[in-house]
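A short worksheet on the structure shown next.
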Ligand SMILES: Nc1ncnc2c1ncn2[C@@H]1O[C@H](COP(=O)(O)OP(=O)(O)OP(=O)(O)O)[C@@H](O)[C@H]1O
Ligand SMILES: [Mg+2]
């Protein structure tokens, strides 16, 4: 695997401005400013409960911000439904694997492709003629390296294969912006290495925002890293800048990264 860095530019594809989120009395996201640049791989790290998944839910439209603004390609998306945001070119995978366990790998991916073509509610009517859908599904199968388990049920895949399938599902809409929440959680070292390679390859030509606890993965994969602590970004920078940031060391990394 070539360890190519991505072709990041300075242009922002996703911008968060002073975003807040409270659940009742609990102020979980407390004024986040964040920018994902065109073509970059950007990791969001921070302790358990810092608000990383909440932030992803806000960006992808599962939650609405209590206040603040979120822009995708310069257009406001805060307040839009998740489906509408997906149509604008953003896709995400969840911290918890989110596939159809009773459908085969092929059927899972085909569902994702059909959704992109707006065909999922016309399943029986359209499927016979959906040659294009089948062809795209085959291509996607290959890209996420799951051709060999094409007919296996989603629920019978190994854990890492399920995560690959889930990444495939999020790629089915051909998103420009991809959000992955802990894609390597619960994986062995070997599975992690495999998935890192897959993510490196699949994120080419897209902008990736990634939540991950495995610091080795974070520091090798990311162009930039933002550190979220108690609902606030305390630092954003290159892996070297973050590794050497005293505040980050103190708040979070000290025990996790000894570079
Ligand atoms: N729907 C909700 N209602 C109330 N509180 C919530 C809700 N979702 C999240 N929280 C709270 O928000 C805080 C942040 O949770 P979140 O899942 O975003 O953290 P995280 O940084 O992703 O943590 P982890 O690293 O463990 O995945 C937690 O205290 C959690 O209990
Ligand atoms: Mg989380």
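The values are calculated or read from the model by the stated rules, or taken from the named source; none is laboratory data. Quantities reported herein were computed from a predicted structural model and do not represent experimental measurements. Glycine gets a Cβ as well: all are built from the backbone with ideal geometry, and neighbour counts include every protein chain shown.
When only residues in the range 33-47 that are surrounded by 16 or more Cβ atoms within 10 Å (Cβ to Cβ) and within 15 Å of ligand 2 (Cβ to nearest atom) count, which is nearest to residue 222 (Cα to Cα)? Here the answer is 43.
Residue 50 passes every criterion in (1) surrounded by 21 or more Cβ atoms within 10 Å (Cβ to Cβ); (2) part of a helix (DSSP H, G or I); (3) within 16 Å of ligand 2 (Cβ to nearest atom) apart from (2). Report yes if residue 227 is assigned to a helix (DSSP H, G or I), touching a residue at least 24 places away in the same chain (Cβ under 8 Å) and either at negative phi or surrounded by fewer than 18 Cβ atoms within 10 Å (Cβ to Cβ) (or both), otherwise no. No: the conditions fail for residue 227.
With out of contact with any strand residue (DSSP E or B) (no Cβ under 8 Å at 6 or more places or on another chain) and within 16 Å of ligand 1 (Cβ to nearest atom) as the only criterion, which of 57, 20, 42, 27 stands out? None of the others qualify; the one that does is 57. Note on the range 185-228: among residues that are within 14 Å of ligand 2 (Cβ to nearest atom) and either modelled with pLDDT under 90 or not assigned by TED's automatic domain parsing to the domain that holds residue 33 (or both), the one that is nearest to residue 36 (Cα to Cα) is 185. Scanning the range 55-86 for residues that are touching a residue at least 40 places away in the same chain (Cβ under 8 Å), outside any loop (DSSP other than H, G, I, E, B) and surrounded by fewer than 18 Cβ atoms within 10 Å (Cβ to Cβ) yields 67, 68, 69, 71. Residue 208 fails exactly one of the following numbered conditions: (1) in contact with a strand residue (DSSP E or B) (Cβ under 8 Å, 6 or more places away or on another chain); (2) part of a helix (DSSP H, G or I). What is the number of that condition? Here residue 208 meets the rest and fails (2). Selection within the range 134-150: residues that are part of a helix (DSSP H, G or I) and under 19 Å from the mean Cα position of the chain (by Cα). The member of this set that is farthest from residue 105 (Cα to Cα) is 143.
Residue 111 falls short of the stated requirement of being away from ligand 1 (no atom under 16 Å from the Cβ), assigned to a loop (DSSP other than H, G, I, E, B) and in the same structural domain as residue 165 (by TED's automatic domain parsing). Quick one: would you say residue 92 is modelled with pLDDT under 90 and more than 20 Å from residue 181 (Cα to Cα)? No, not satisfied.
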